[in-house]
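Derivation of every value follows stated rules applied to the coordinates shown; laboratory data play no part. All values derive from a computational prediction rather than experimental measurement. Reconstructed Cβ throughout: ideal geometry from the backbone, glycine too, with neighbour counts over all protein chains shown.
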Amino acid sequence: MEGRSMAEMTRKEFVLAMISAGDHPRLSGLDLAGLNLNTLDLARVNLSRVQLQGAHLISTHLDDATFDDANMQGAILSGASLNGARLARAMMAYASFSGAKLTNADLRKSSCQHAVFSNADLTGAKLTNASLTRANLSGANLTGTNLTNADLFEANLLNANLTDADLTGADLTRATMPDGSIHL
């Protein structure tokens with residue numbers, strides 16, 4: 001990477017250069033759509049308003065990262081670690097968080113239509129006013145999760161753990177409940 005201009009760097013090299021630049025680098029507003037960022041350590045990085053449509057972040061370490069207002073539609077974050085991450089108002093339609101760790105993550109007012117959270121750990125997460133229409137939360141751990149006023153229309157909650165979850169005001173119309181029943 002040494003001796004190359006910014007224009008010659010790939011986006012992945014740019015991200016790696018930013019991370020090596022110091023503690024808590026800010027990458028807000030960048031276009032990283034479609035980029036392969038699998039297995040990188042991006043903990044505590046500010047990715048607010050970043051374009052990550054279709055990006056691959058499989059098994060990426062993103063604990064305490066900030067994704068506020070980011071566009072993550074169709075991104076693949078399977079097995080990623082997002083403990084304590086902030087994803088408020090993020091657009092995550094059709095994104096995959098299968099098997100991801102999102103304990104105590106902040107997803108307030110996020111758009112997660114058709115997103116996949118199967119077998120994800122969302123213990124203590126904040127999903128207040130989130131749109132989870134037709135989202136797949138099968139087998140997810142939602143213990144202590146705040147789903148106040150969340151839109152769970154036709155969401156799949158089969159085998160999900162809802163122990164101590166707050167569903168006050170949540171729309172569960174036609175959602176598949178943990179026991180397999182359909183909420184009317």
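With charges only on Cβ, +1 for K and R and -1 for D and E, what is the dipole size of region 122-181 about its Cα centre, in debye, rounded to 20?
With only Lys, Arg, Asp and Glu charged at Cβ, the dipole is about 120 debye.
With 10 angstrom as the radius, rank Thr168, Thr66 by how many other C-beta atoms surround their C-beta, starting from the fewest.
The order, fewest Cβ neighbours first, is Thr168, Thr66.
For Phe67, Phe97, what ranking results if the residue with the fewest other Cβ atoms within 10 Å of its Cβ goes first?
Ordered by Cβ neighbours within 10 Å, fewest first: Phe67, Phe97.
How big is the Kirkwood radius of region 92-184, worked out from every pair of different alpha carbons and given in Å to one decimal?
For region 92-184, the Kirkwood estimate is 12.2 Å.
State, to one decimal in nm, how far the label point of Thr168 lies from the label point of Asn36, with both points 7 Å from Cα in the Cβ direction.
For the pair Thr168/Asn36, the computed spacing is 4.7 nm.
What are the ³J(HN,Hα) couplings of region 108-123, residue after residue, when phi is run through the Karplus curve with 6.51, -1.76, 1.60 and θ = phi - 60°? Round to Hz, x for glycine and proline.
4, 6, 7, 9, 10, 4, 6, 6, 10, 10, 4, 6, 7, 9, 10, 3
What longest region of the chain stays clear of trypsin sites (Lys or Arg not before Pro) that DSSP places outside H, G, I, E and B and that have at most 13 other Cβ atoms within 10 Å?
Longest stretch, sites excluded: 5-173.
What are the residues whose amide H is under 5 Å from the amide H of Asn36, where those residues sit 5 or more places off or on another chain and H is modelled from the backbone?
Result for Asn36 returns His56.
Enumerate the amide H contacts of Thr66 below 5 Å, restricted to partners 5 or more residues apart or on another chain; note that Pro and chain-start residues carry no placed amide H.
Placed amide hydrogens put Val45, Asn46, Leu47, Arg86 under 5 Å from Thr66.
Under the Karplus relation 6.51 cos²θ - 1.76 cosθ + 1.60, θ = phi - 60°, what is the ordered set of whole-Hz ³J(HN,Hα) values for region 100-106, x standing for Gly and Pro?
Running phi through 6.51 cos²θ - 1.76 cosθ + 1.60 with θ = phi - 60° gives 6, 9, 10, 5, 6, 6, 10 Hz.
Can you run phi through the Karplus equation (6.51, -1.76, 1.60; θ = phi - 60°) for region 56-64 and list ³J(HN,Hα) in whole Hz, with x for Gly and Pro?
9, 10, 5, 6, 7, 8, 10, 4, 6
If packing is taken as the average count of other Cβ atoms within 10 Å, what order do 57-63, 111-117 fall into, highest mean first?
Going by the mean number of other Cβ atoms within 10 Å, highest first, we get 111-117, 57-63.
About the Cα centre, and with charges only on the beta carbon of Lys, Arg (+1) and Asp, Glu (-1), how big is the dipole of region 49-109? Nearest 20 debye, please.
So the dipole magnitude of region 49-109 works out to roughly 160 debye.
Looking at [x] 61, 36, 28; [y] 62, 24, 22; [z] 64, 35, 34, which value of Cα extents along the principal axes in Å comes from a calculation on the structure shown?
[y]
Report, in deg cm²/dmol and to the nearest 500, the calculated mean residue ellipticity at 222 nm for the chain, where each DSSP H run with n ≥ 4 adds -39500 (n - 2.57) and the sum is divided by the residue count.
Result for the chain: -1500 deg cm²/dmol, rounded to the nearest 500.
About the Cα centre of the chain, how large is the charge dipole given +1 on each Lys and Arg Cβ and -1 on each Asp and Glu Cβ? Please answer in debye to the nearest 20.
It works out to roughly 260 debye.
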